1. Quick check on this structure: which one of ALA43, ALA49 is exposed (fewer than 11 other Cβ atoms within 10 Å of the Cβ), modelled with pLDDT under 85, over 16 Å from ALA104 (Cβ atoms) and out of contact with any helix residue (DSSP H, G or I) (no Cβ under 9 Å at 6 or more places or on another chain)?
2. Within the range 12-19, can one find any residue that is surrounded by fewer than 12 Cβ atoms within 10 Å (Cβ to Cβ) and modelled with pLDDT under 55?
3. Select from the range 61-72 the residues that are surrounded by fewer than 12 Cβ atoms within 10 Å (Cβ to Cβ) and among the small types (Gly, Ala, Ser) and list them in ascending order.
Amino acid sequence: MMMKVFAIALLALALTACESSTENANSNDNKPSAATPAPATPAATAAPAASPAASTQIKAGDKVKVAINGSTTEATVVSVDEKAGKATVKIQGQKEEKTVAISAVIKQ
């Protein structure tokens, strides 16, 4: 018996939550529309020019400085993956190669 009362109360609560109210449905009718689209053409053309990868073209064999752990070290570019935004560099004085973000690479 207690389970049936609980089920009915839960069902009533769920129906009340899903019920739409007609008095609140049209509350924004008298307000001006804030969804007027602004022209986005200047912002869209400025974004690619502001990208550091677009302005600095690096390629394999370039001598660069790489920002790693807050300090810059000299390195040589081994390969560049522009789609992923990564560059593989060989840091002077180290044997292994490291993959870093292109934004961390500074062309000399």
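1. Working: ALA49 fails: out of contact with any helix residue (DSSP H, G or I) (no Cβ under 9 Å at 6 or more places or on another chain).
None of the other options fit; the residue is ALA43.
2. Keep residues of the range 12-19 that are surrounded by fewer than 12 Cβ atoms within 10 Å (Cβ to Cβ), which gives 12-19.
Those left that are additionally modelled with pLDDT under 55: none.
No: zero hits.
3. Selection gives GLY61, GLY70, SER71.
The values are calculated or read from the model by the stated rules, or taken from the named source; none is laboratory data. Just so it is clear, the structure is predicted and the values come from calculations on it, not from any experiment. Because the Cβ atoms are built from the backbone with ideal geometry, glycine has one as well, and the counts that use them run over all protein chains shown.
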